[in-house]
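Asker: A single structure is presented below for examination.
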Amino acid sequence: MKIAIGSDHAGYELKENLKKILCNEYDILDVGTNSTESVDYPDFATKVCELIIKKDADFGILICGTGIGMSITANKFKGIYAALCYDTNTASLARTHNNANILCIGGRTTKIQEAVDIVNTFLTSSFEGGRHKRRFEKIKEIENINFKEVGNDL
Ligand code: RB5
């Protein structure tokens, strides 16, 4: 399984720690950043989203200080369903109910062992389908609305 991972400076340390553990089980595509020098999280969210949209990666992990900026950015892309998770319960539900394809974590809010557990839970859980598929399809319908046309009508 190919996992794309990216962070800003606030998530760099957690990204590096996660990579060391995850590389034993997964193919890791690291899009950066590569130091604690200040950068802009949307640049790295974009790189991970592009890899998933092009099907060059199966899932993504995005880490900024809180995970909030990464999740806001990633969810602007069609075909991306990013979930900010802060424990194993939300990580499990993000996959089983929401069919999320990107996991966002806060590098300044989540300790390393908790983050490892969150990532392992996310990557080993599967979408349950059923009533959740109906809801997921409704999200995809919303994605297909042409906002430019709606704007022109106003
Ligand atoms: C960077 O200081 C911080 O704002 C960023 O990592 C993130 O937490 C934004 O959501």
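Values in this text are rule-based calculations from the coordinates and carry no lab data. This one's a predicted model, so the numbers in the text were calculated from it and none came from an experiment. Positions of Cβ are backbone-derived with ideal geometry, glycine not excepted, and every protein chain shown enters the neighbour counts.
Asker: With a Förster radius of 41 Å, plug the Cβ-Cβ distance of residue 89 and residue 38 into 1/(1 + (r/R0)^6) and report the FRET value to the nearest 0.05.
Answerer: 0.80
Asker: For the chain, take the longest principal axis of its alpha carbons; what is the angle in degrees between that and the long axis of helix 12-22, to the nearest 10 within 0 to 90?
Answerer: 80 degrees
Asker: Further question: Roughly how many debye, to the nearest 20, is the charge dipole of the chain about its Cα centre, given +1 on each Lys and Arg Cβ, -1 on each Asp and Glu Cβ, and no other charges?
Answerer: Dipole of the chain, to the nearest 20 debye: 480 debye.
Asker: Pairs to check: 19/138; 19/76; 2/140. Give those whose C-alpha atoms are more than 31 Å from each other in this structure.
Answerer: Result: 19/138 exceed 31 Å.
Asker: Quick one: which residues, 5 or more positions from residue 107 or on another chain, have an amide H under 5 Å from its amide H? H modelled 1.01 Å from N in the peptide plane, none for Pro or chain starts.
Answerer: For residue 107, the qualifying residues are 64, 65, 66, 67.
Asker: Enumerate the calculated ³J(HN,Hα) couplings along the stretch 110-121 in order (Karplus 6.51 cos²θ - 1.76 cosθ + 1.60, θ = phi - 60°), each rounded to whole Hz, writing x wherever the residue is Gly or Pro.
Answerer: For the stretch 110-121, the Karplus-derived couplings read 10, 6, 4, 5, 5, 5, 4, 5, 4, 5, 4, 5 Hz, x marking Gly and Pro.
Asker: Taking 1 over the mean of 1/r across every pair of different Cα atoms in the chain, what Kirkwood radius in Å do you get?
Answerer: Final number for the Kirkwood radius of the chain is 15.6 Å.
Asker: Here's another thing I want to ask about it. Okay, which of the stretch 86-104 sit inside 18 Å, backbone N to the point 7 Å along the Cα-Cβ direction of residue 133?
Answerer: 95-101
Asker: Against the empirical 2.2 N^0.38 Å scaling, what ratio does the C-alpha Rg of the stretch 70-128 come to?
Answerer: For the stretch 70-128, the normalised Cα radius of gyration comes out at 1.05.
Asker: What FRET efficiency comes out for the pair residue 24/residue 114, r = Cβ-Cβ distance, R0 = 22 Å, nearest 0.05?
Answerer: Calculated transfer efficiency: 0.70.
Asker: Roughly how tilted is helix 41-53, in degrees to the nearest 10 and between 0 and 90, from the longest Cα axis of the chain?
Answerer: For 41-53 against the chain, the angle is about 70 degrees.
Asker: Of the options 113, 45, 90, report the single residue whose Cα projects farthest towards the positive end of the charge dipole of the chain (beta-carbon charges: Lys, Arg +1; Asp, Glu -1).
Answerer: Of the listed residues, the answer is 90.
Asker: Sorted by packing (mean other beta-carbon atoms within 10 Å per residue), highest first, where do 4-16, 125-137, 48-60 land?
Answerer: Peptide ranking by packing, descending: 4-16, 48-60, 125-137.
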